[in-house]
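The structure appears below as structure tokens.
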Amino acid sequence: MPDFLTRHIKDPGQRKLATAVQKGAYEGLRRALTMSRQEVVAEIDASGLRGRGGAGFPTGRKWSFIHAREGQSVYLLCNADESEPGTFKDHYLMAFDPHLVLEGVAIGAYAIGAHQAYIYLRGEYASVAATLGEALSEATDAGILGPNCLGSDFDLRIALQLGAGAYICGEETGLIQSLEGKRAYPRVRPPFPAVHGFLREPTVVNNVETLASAARIMAEGAEAYTKLGTKQSAGTKLISVSGAVERPGIYEVEMGYPLMEFLAHEAGGIPLGRRLKGIIPGGTSVPILTADEAAPLTIDYESMQSAGTMLGSGGMIVFDEDTRMPHALLRIAEFYAHESCGECTPCREGTGWMAWVLRRLLAGEGRPGDLELLLRVGDNIEGRTICGLGDASVQPVRSFIQKFRPEFEALEPAGMDWPAWQIHGHGPRTGRFGPPVEEAARSQPVEGSPDYVL
Amino acid sequence: MPIVTIDGRQIEVEPGTSVIQAADLLGVEIPRFCYHPDLEPEGNCRMCLVDVEGFPKPVVACATPVVDGMVVKTPHASPLASRAVKGVLEFLLVNHPIDCPICDKAGECSLQDFYMHPDYGQHPSQVNPGEKVHKRKRVDLGPRIVLDAERCVMCSRCVRFSENVTGYKELQFIRRGNHVELVSFQERALQDPYAGNFADICPVGALLSRDFRFKRRVWKLDYTDSICAGCSTGCNLRIDHFDGRIERLIPRRNPDVNRSWLCDEGRLSYKTLDVAPRVKHPQQDGEEADWVEVAAAADSRLRSATLGRELPLGALASASGTNETLWLFRRYVEAAFPQHLLEFRLARETEAVRERQDKLLRRVDKHPNTMGALHLGFTAGMGLEGLVDEAEAGRLGALLLLYYPPLVGEDSEETKERIVRLLQLVPESVVLTTHHLPYLAAAKILLPVAAWSEEEGTYTNYQGTVQHASRAVASPSAARPAAEVIGDLMRHATYGRPETEPGRVFAEIADRVPAFRGLRYNELASRLATAYPPEGRMPYGQDGFTGR
Ligand SMILES: Cc1cc2nc3c(=O)[nH]c(=O)nc-3n(C[C@H](O)[C@H](O)[C@H](O)COP(=O)(O)O)c2cc1C
Ligand code: SF4
Ligand code: SF4
Ligand code: SF4
Ligand code: FES
């Protein structure tokens, strides 16, 4: 396995500045500071690094959008809100190699001309805050960060901000609002953060892993990075795998690595010899893959895209044949209904509605047409919201129903179309329809699914 | 300047105009909840989705600036946009209580109106009442406003008003997803002196006026355009009345004067008309008299007390009268009394006319027509105080007073005492007024005149803008518009047959007074209070104040 990003992460004492520096920490920053900003941006651009927060936007390009006018301040915000279900890789980097993350933040800030950076840390990661905080004061005391970083004329202040436990604070404009002390209601774009960001100034929001990768790229050179991975997906990616695998955890893989090999070798295969049923490759916000679909794929942006899904945050969730897909989907749908910030209408009402319909289906109180209703609600959310959470909430619902339809159909009461008056306006329906829940939801292996016994 | 095509019609607009503004200019309706012409756009309701050529998905018209050559299709012309908007409206109704039968907004509710429109709504419901998220139904937000949180569509107009317009920052959302709920700061009563506006800008029946609640179904109301007479700002408003009674006042939009707002005092000023008993019949020396007699008596008594004794007439018309009234007042005094002291100041009107009481609308001068008085040739002069001095020195033969109690606040004790003193000192006095007030009790002759809202005419606000107010309701009993009463006095002074119809008086003023030159009476109403959108009325009341 490659260890471009995680080379020293398991070394004892890596959190301490002295040890980390011995292992080459802040060499990337040192090199960056000898170059011009434009050269750093160009080097990151040449490395092909893409955003690891989910969208995969080329990082060099994002940095190049910053054009500060006279008198404007520029800000770099490190997105450490990591709340996407199934994603827990940023935590690993921050908790075990905090200096790498800080170095990345410093390089990003230098590249865009920011003298103030914030790390917006997920509220539940309070222990990481202590680690990062210590690393920050050590590096500042040592003159690496702060005024005149590493003896250069570049000043940088980094501050740590803890969230209060909301998924929406990871959305870049929600994060900005939250950091400004406001309710994390995302902003309508345009204007984009590069123009009107934190405090209405030009701002870049980058994921933790993105910045950590940038630090390593500056240390090793863009070429070392492009040598790894595929043409469109350079370098390596952290995959946090969970669910029905023997060895859940965090793995650094080279882009282009076959998915099934990863499951079999790194993740240790599926316990008890069960068969694979589905994989969510990049956090719950991306469409699920059936075992069939997943089989030929490799871990990189373009391969995932060819199968109609996304690499996303690399939060991989594996389902085995015993998983009841409607139950799994309900868990996911409830997450989005709970985390929708409630600012824009389609997502506020739609996520709650989808969860409600799923809940009643699973309670055996579904109605004919409920599956169509779910899909229709999804269609009415997608593309009509302020931020990506709305679209994200639709992906699991649509893909689960499309790909595991028989299981859902088993929950829907059969056939008969009820006259409207029976459905509407008569209070909650208490009768049970369709097969009893337990029976319906016990999954049957999907017909014709291959035997991937891993 | 960019040219945009909306539903096949073209318009050239200022750079930076949003699609919804361009559509409003064209008179093409785009449904909206969160957009308001006097608030920053936020783009949260998603009701204004339109189809723009070259864009993969619908965009929000309120937050999308027009670019040259843009081709926009609204739900009226694009099935894609219509589908999107219908989806949004369906979402808005998922957890809506739909208690229109008991909701005071019914009849002027955007949600209702949009649902009834075939391009936006009319979907069959898919939700049982028992499945809805419930919120608080009756939240006390102080003396002006009551909140029904369930009816709120989370458009944030109220939040933005509170934050950006008045700066009180008293409203915010709590919780997430479909449990989001509007609350006031620490659940306290609203302190905002402009809180009444919340009920206007709320597109649904969530924030309701405590004053208007449960009073009258809105479709029973008659509407009359008028001007607030509460202070020298002259906010444009509409008098909503039923069966001769005023039920509420709501703002009309005029970007140059009051935008879309009214202060609470002005909004409730109609209630002050009921505080004291009205003068219902003319009175002469404490006896009820009829108009024909009393007008003749008033004129001759004033003249014999002055002309006969070679003393001047003290004539004071307060700047609450319309331009037409003040003009006739001046003409009468100048023609019939060779010696006169023509005044209008009760206190500091001339100094206060432009003085702000706060940052938004209110002004210190509580007279609606101080500028008008000045333009019509009344001068700062000696004012009420000076007249008292003259009377004390025995240099005043009689007093003619036109007095309206202020609609906002009260005249100072000092002013009232001066009036009492003056009436005691002069041998003859004729007072034209609206109410029985203790400090006017000493008047020899009391002539009842129409109060604000009961007469037609124009007022000139602090900016010098002449604004027209229509007559909304009838005066009680024998009270008549002051202009007519002065006309009667003039007739008796054999001054001829003066025109007292406001339009004709105004024409005369426009002819003779420079500040009014070129103005035409019947163009005033439309020149002011620019309808929003300018071309015709928005048929669905979604701007929260044009009503039905
Ligand atoms: C609902 C939502 C939640 C998000 N949460 C996170 C998050 O927790 N961490 C993160 O890095 N990016 C998150 N993102 C993506 C960010 O908006 C943003 O694209 C990212 O931080 C950009 O960084 P990158 O270019 O380095 O990927 C989220 C996006 C959405 C729509
Ligand atoms: S899509 Fe959802 S999370 Fe995003 S702004 Fe709208 S309501 Fe909030
Ligand atoms: S807010 Fe509108 S739709 Fe809702 S109950 Fe009131 S009138 Fe009906
Ligand atoms: S109370 Fe009214 S104005 Fe305020 S957010 Fe709700 S619907 Fe909008
Ligand atoms: S989103 Fe445009 S009016 Fe609400």
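What the table below lists for this structure:
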item	result
In the stretch A:380-401, residue farthest from ligand 2 (Cβ to nearest atom) [restricted to those that are under 25 Å from A:E172 (Cα atoms) and either in the same structural domain as A:I288 (by TED's automatic domain parsing) or among the hydrophobic types (A, V, I, L, M, F, W, C) (or both)]	A:V397
Residue in the stretch B:277-287 that is in the same structural domain as B:V364 (by TED's automatic domain parsing), more than 16 Å from ligand 1 (Cβ to nearest atom), over 30 Å from B:V153 (Cβ atoms) and in a helix (DSSP H, G or I) present	no
Verdict on B:L26 being among the aliphatic types (A, V, I, L, M), more than 16 Å from ligand 5 (Cβ to nearest atom) and within 14 Å of chain A (Cβ to nearest Cβ)	no
Pick from the stretch A:380-405, criterion closer than 14 Å to A:A355 by Cα and within 10 Å of chain B (Cβ to nearest Cβ), ranking: nearest to the chain's Cα centre (by Cα)	A:G390
The stretch B:90-106, residues that are more than 14 Å from chain A (Cβ to nearest Cβ), out of contact with any strand residue (DSSP E or B) (no Cβ under 8 Å at 6 or more places or on another chain) and buried (at least 19 other Cβ atoms within 10 Å of the Cβ)	B:C103
B:P15 being within 23 Å of A:E343 (Cβ to Cβ), at pLDDT 95 or above and not hydroxyl-bearing (S, T, Y)	no
Hey, B:L141 within 16 Å of ligand 3 (Cβ to nearest atom), outside the structural domain of B:N44 (by TED's automatic domain parsing) and at pLDDT 95 or above or not	no
Residue that is touching a residue at least 24 places away in the same chain (Cβ under 8 Å), under 27 Å from A:M1 (Cβ atoms), in the same structural domain as A:A264 (by TED's automatic domain parsing) and in a helix (DSSP H, G or I), where the choices are A:S313, A:S303	A:S303
Enumeration of residues in the stretch A:331-353 that are in contact (Cβ under 8 Å) with a residue 24 or more places away in the chain and away from chain B (no Cβ under 11 Å)	A:I332, A:A333
Filter pass, A:V195 being under 17 Å from A:R61 (Cα atoms) and of a type in the set (V, I, T)	yes
Number of the exception - B:I174 against (1) buried (at least 24 other Cβ atoms within 10 Å of the Cβ); (2) within 11 Å of chain A (Cβ to nearest Cβ)	(1)
Residue pairs meeting the criteria (Cβ under 6 Å; at least 6 apart or on separate chains; first under 17 Å from B:S78 (Cβ atoms), in the stretch B:1-22; second buried (at least 20 other Cβ atoms within 10 Å of the Cβ) and of a type in the set (S, T, Y))	B:D7/B:T74; B:V19/B:T64; B:I20/B:Y35
Enumeration of residues in the stretch A:355-369 that are touching a residue at least 40 places away in the same chain (Cβ under 8 Å) and more than 11 Å from chain B (Cβ to nearest Cβ)	A:L361, A:L362, A:A363, A:G364, A:G366, A:P368
Checklist (1) closer than 20 Å to B:L147 by Cβ; (2) within 16 Å of ligand 5 (Cβ to nearest atom); (3) not β-branched (V, I, T) applied to B:P58, failing item	(1)
Positions within the stretch A:55-85 being at pLDDT 95 or above, within 16 Å of ligand 2 (Cβ to nearest atom) and assigned to a loop (DSSP other than H, G, I, E, B), in sequence order	A:D81, A:S83, A:E84, A:P85
Qualifying residue in the stretch A:71-89 (condition: without any contact (Cβ under 8 Å) to a residue 40 or more places away in the chain, hydroxyl-bearing (S, T, Y) and under 14 Å from A:R157 (Cα atoms))	no
Qualifying residue in the stretch B:521-529 (condition: touching a Lys or Arg at 6+ places or on another chain (Cβ under 7 Å), among the small types (G, A, S) and in contact (Cβ under 8 Å) with a residue 40 or more places away in the chain)	yes
Test: residue in the stretch A:370-379 that is part of a helix (DSSP H, G or I), within 14 Å of ligand 2 (Cβ to nearest atom) and either within 9 Å of chain B (Cβ to nearest Cβ) or within 24 Å of the chain's Cα centre (by Cα) (or both)	yes
Any pair with Cβ under 8 angstrom, 6 or more apart, that starts in the stretch B:87-109 at a residue that is free of Cβ contacts under 8 Å to residues at least 40 places away in the same chain and ends at one that is among the basic types (K, R) and crowded, with 21+ Cβ neighbours inside 10 Å	B:G87/A:R384; B:F91/A:R348
The listed residue being surrounded by fewer than 18 Cβ atoms within 10 Å (Cβ to Cβ), aliphatic (A, V, I, L, M) and away from chain A (no Cβ under 14 Å), out of B:A189, B:A199	B:A189
In the stretch A:355-372, the residues that are surrounded by 17 or more Cβ atoms within 10 Å (Cβ to Cβ) and of a type outside the set (G, A, S)	A:W356, A:V357, A:L358, A:R360, A:L361, A:L362, A:E365, A:R367, A:P368, A:D370, A:L371
Residues of the stretch B:189-220 classified as in a loop (DSSP other than H, G, I, E, B), closer than 24 Å to B:F33 by Cα and among the aliphatic types (A, V, I, L, M), total	4
Matching option when the condition is touching a helix residue (DSSP H, G or I) at 6+ places or on another chain (Cβ under 6 Å) and outside any loop (DSSP other than H, G, I, E, B), among B:A295, B:A305	B:A295
Any hit, the stretch B:35-45, residues being more than 27 Å from B:F198 (Cα to Cα) and surrounded by 19 or more Cβ atoms within 10 Å (Cβ to Cβ)	no
Qualifying residue in the stretch B:125-139 (condition: closer than 21 Å to B:C48 by Cα and either away from chain A (no Cβ under 11 Å) or in contact (Cβ under 8 Å) with a residue 12 or more places away in the chain (or both))	no
Meets criteria (surrounded by fewer than 17 Cβ atoms within 10 Å (Cβ to Cβ) and either assigned to a loop (DSSP other than H, G, I, E, B) or within 14 Å of another protein chain (Cβ to nearest Cβ) (or both)) for B:R160	no
Residues of the stretch B:33-70 classified as facing another protein chain (nearest Cβ under 7 Å), among the small types (G, A, S) and in contact (Cβ under 8 Å) with a residue 24 or more places away in the chain, total	1
Number of the condition not met by B:S300 [criteria: (1) touching a helix residue (DSSP H, G or I) at 6+ places or on another chain (Cβ under 8 Å); (2) buried (at least 22 other Cβ atoms within 10 Å of the Cβ)]	(2)
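The values are calculated or read from the model by the stated rules, or taken from the named source; none is laboratory data. No experiment lies behind these values; they were computed from the predicted model shown. Counting neighbours? That spans all protein chains shown, and the Cβs are built from the backbone with ideal geometry, glycine included.
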